[in-house]
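S.K.: The structure's right below; bear with me while I get my questions together.
The values are calculated or read from the model by the stated rules, or taken from the named source; none is laboratory data. As the structure is a prediction and not an experimental result, all values here were calculated from the model. FYI the Cβ positions are ideal-geometry reconstructions off the backbone, even for glycines, and counts take in every protein chain you see.
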Amino acid sequence: MSTFLERVLEPPHYGYERNGKLYVPSNKEILVQFLSRMNIFKSKKNWLPFSSWLMTLLLLIPLYIFAVDYFSWKLLVVGFFYSMVGLGTHGTVYLHRYCSHRAYRFRTRLCRFVVKNLTIKVIPEEIYAVSHLVHHKFSEKPGDPYNVYGGWLYCFLADAIHNPISTRLDKKDYHKLSKFMTSAGLKTNSYDSYQKYGSLTPPLYFFMTYFLNWTFWYTVFFLIGGHALATCLFGSAAIWGIGVRTFNYDGHGGGKDKKKEGIDFLKTENCINQVWAGYVSGEWHNNHHLYPNGARAGFLRYQLDLAWLFILGCYKMKLVTQLNDPYPRFIKEHYEPYLKSKGQKITSKETPLSNTENLSQPSVKHSESPTPRM
C-alpha cells in the first residue's frame, strides 16, 4: 500500500519511474504534459496550475509598462532588491518555513495574515507547500516532483506538471490534506467541491486573495512613488516568479555532486549551500535538507539568514510563540565531529555563530519531526 505522500500528488502521464528507476521524459513529453495541465477546456480541474501561471504572466504587463514608460536605473535597482531580497526572503519565511514545514507558530491569526501579505502575492500556497513535503520525502528519487535528475525543464515546469494534488483522493486522504493546509490559514474546498475542481483551494477564494493583495500593494506603491514605482515593483515580481522556478535544479547542483567539505554537511544528496540564494533569501539549501523543519538555515559564520532574523524578530515581539531551532543540533551532530576529524577542538572563536542568541526558553524547540503532521 502506498504511503500518503506517495499518492497525494497527481502523477504525470509518463509516470515517475519505469523498471524501478527514475524515468526521464523527453522535453517533448514534458511540454505535452505542461500543455495538458494548462488546458482548462479539457478539464476544469486544471484551473489551479493554469491560474498560477496566468497570474505570474500577468505581472509581465507592468514590467513592460515600466520598461517602456517609466524606466530608470534607480528604480531598476529598487526592483532588483525588492524581488530578490523582499520576495525571496518572504517566500522562505512564509511559503517555505511556515506553510510547508511549520518551523514556527504565529500567536494569532492576525499575525499570520499580516506576514502572509507582506509582499505581492505570486505563488499559491497549495502549489508550493504540499509538493515541497513530497520533495523532501523522496528527494532525488522517483516521486520527487522536481527531481534534479529529470533535467532543467522537468524542474522548471514542475509546479504545473508534477505539483498539483491528486484528483483521485478519497475522503480520508482529502480531509487529512485539507486539515494540513487549513492550519496554515488557507480556506479549502469541501470534498464535493474538491471532486468538481480537483483542488484544495476554492477558485473564488484564490482570485479574491490575489485581487485584494494586488490592489492593496499597487495602491501603496502608487502613493509612495506613482505608477513608476508600482509598475517597477510589480514587474520585478514577474521576474522573481519565473526565476524561482529554476531554483531547485540549481540548488541540487544540476544533478552533479558539487558539495564542498566543511560547507555542505548533508552527504546523501546533491543539495548545496549557495551564497547567492543564502544571502538574498536565507535559502542555505544543504542546511535546510539537513534540518527541514528548522526556522534557521544559516549555520556557519558567514551564512546570513534574513528569513531567520525576521522570524526571530517576530518571536522577540511575541508575534511568534514557538520556533524550531536546529542550530544546537548542527553543532553537536555535524560541526564538532567535523572539527574533530580535522584534529581541531571547537572554541568560542571557531563556533560558526558564537554570538548567537541564547534561545533555550521552553517555547523554543530544538528537536523536530521529519515532516509536519497531516
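S.K.: Working carefully through the options L266, L290, find the one that is more than 22 Å from V122 (Cβ to Cβ), touching a Pro at 6+ places or on another chain (Cβ under 8 Å) and aliphatic (A, V, I, L, M). Give the derivation first.
M.R.: Details: L266 fails: touching a Pro at 6+ places or on another chain (Cβ under 8 Å).
Only one candidate passes the filter, namely L290.
S.K.: Taking the stretch 1-27 as the search range and keeping residues that are in a loop (DSSP other than H, G, I, E, B) and among the polar types (S, T, N, Q), which one is nearest to K137 (Cα to Cα)?
M.R.: Here the answer is T3.
S.K.: So, in the stretch 173-187, how many residues would count as being among the charged types (D, E, K, R) and within 17 Å of L9 (Cβ to Cβ)? Break it down stepwise before answering.
M.R.: Here is the first cut: in the stretch 173-187, the residues among the charged types (D, E, K, R) are 173, 176, 179, 187.
If we keep only those that are within 17 Å of L9 (Cβ to Cβ) too, we end up with 173, 176.
Here the count works out to 2.
S.K.: Does L35 qualify as being under 30 Å from A295 (Cα atoms), assigned to a helix (DSSP H, G or I) and under 24 Å from the mean Cα position of the chain (by Cα)?
M.R.: Considered against the rule, which asks whether it is under 30 Å from A295 (Cα atoms), assigned to a helix (DSSP H, G or I) and under 24 Å from the mean Cα position of the chain (by Cα), L35 comes out as no.
S.K.: Pick from the stretch 72-122 the residues that are part of a loop (DSSP other than H, G, I, E, B) and in contact with a helix residue (DSSP H, G or I) (Cβ under 6 Å, 6 or more places away or on another chain): which of them is farthest from T56 (Cα to Cα)? Don't jump to the end; show me each part of the working.
M.R.: Step one: of the stretch 72-122, the residues part of a loop (DSSP other than H, G, I, E, B) are 72, 101-103, 107-108, 117-122.
Keeping just the survivors that are in contact with a helix residue (DSSP H, G or I) (Cβ under 6 Å, 6 or more places away or on another chain) gives 103, 117-122.
On the way: A103: 27, N117: 17, L118: 18, T119: 14, I120: 11, K121: 10, V122: 6 Å.
Selected residue: A103.
S.K.: Here is a list of conditions, (1) at pLDDT 95 or above; (2) closer than 26 Å to N189 by Cβ; (3) of a type outside the set (A, V, I, L, M, F, W, C), and K42 meets all of them except one; can you say which number that is?
M.R.: With respect to (1) at pLDDT 95 or above; (2) closer than 26 Å to N189 by Cβ; (3) of a type outside the set (A, V, I, L, M, F, W, C), K42 is out only on (1).
S.K.: Would you check which residues across the stretch 298-322 are without any contact (Cβ under 8 Å) to a residue 60 or more places away in the chain, outside any helix (DSSP H, G or I) and within 20 Å of the chain's Cα centre (by Cα) and list them? Walk me through it before giving the result.
M.R.: Our first condition is that a residue be without any contact (Cβ under 8 Å) to a residue 60 or more places away in the chain; within the stretch 298-322, this holds for 298-305, 308-309, 312-313, 316-317.
Adding the requirement that they be outside any helix (DSSP H, G or I) leaves 298-305, 317.
Matches in the stretch 298-322: G298, F299, Q303, L304, D305.
S.K.: Right, next: Is the stretch 161-172 home to any residue that is surrounded by 21 or more Cβ atoms within 10 Å (Cβ to Cβ) and within 25 Å of F216 (Cβ to Cβ)?
M.R.: Initial filter on the stretch 161-172 (surrounded by 21 or more Cβ atoms within 10 Å (Cβ to Cβ)): 161-165, 169.
Still in the list and also within 25 Å of F216 (Cβ to Cβ): none.
No, the conditions are met nowhere in the stretch 161-172.
S.K.: Determine which single condition V280 fails, assuming it passes every other condition in (1) over 18 Å from F247 (Cβ atoms); (2) in contact (Cβ under 8 Å) with a residue 24 or more places away in the chain; (3) β-branched (V, I, T).
M.R.: All conditions pass for V280, except number (1).
S.K.: Could you please give the count of residues in the stretch 182-210 that are assigned to a helix (DSSP H, G or I) and charged (D, E, K, R)?
M.R.: Quick first cut of the stretch 182-210, residues assigned to a helix (DSSP H, G or I) only: 182, 191-197, 203-210.
Those left that are additionally charged (D, E, K, R): 192, 196.
Adding up the residues that qualify gives 2.
S.K.: Any idea which of T201, T246, T268, T215 is on the phi < 0 side of the Ramachandran plot, among the β-branched types (V, I, T) and buried (at least 17 other Cβ atoms within 10 Å of the Cβ)?
M.R.: Matching residue, one of T201, T246, T268, T215: T201.
S.K.: Continuing with this model, one more query. Can you tell me which of (1) modelled with pLDDT of 95 or more; (2) within 22 Å of H285 (Cα to Cα); (3) not small (G, A, S) is the one V130 doesn't meet?
M.R.: (1)
S.K.: Further question: Scan the stretch 265-276 for residues that are within 25 Å of C99 (Cα to Cα) and either of a type in the set (K, R) or without any contact (Cβ under 8 Å) to a residue 60 or more places away in the chain (or both) and jot them down.
M.R.: Answer for the stretch 265-276, where residues must be within 25 Å of C99 (Cα to Cα) and either of a type in the set (K, R) or without any contact (Cβ under 8 Å) to a residue 60 or more places away in the chain (or both): L266, I272, N273, Q274, V275, W276.
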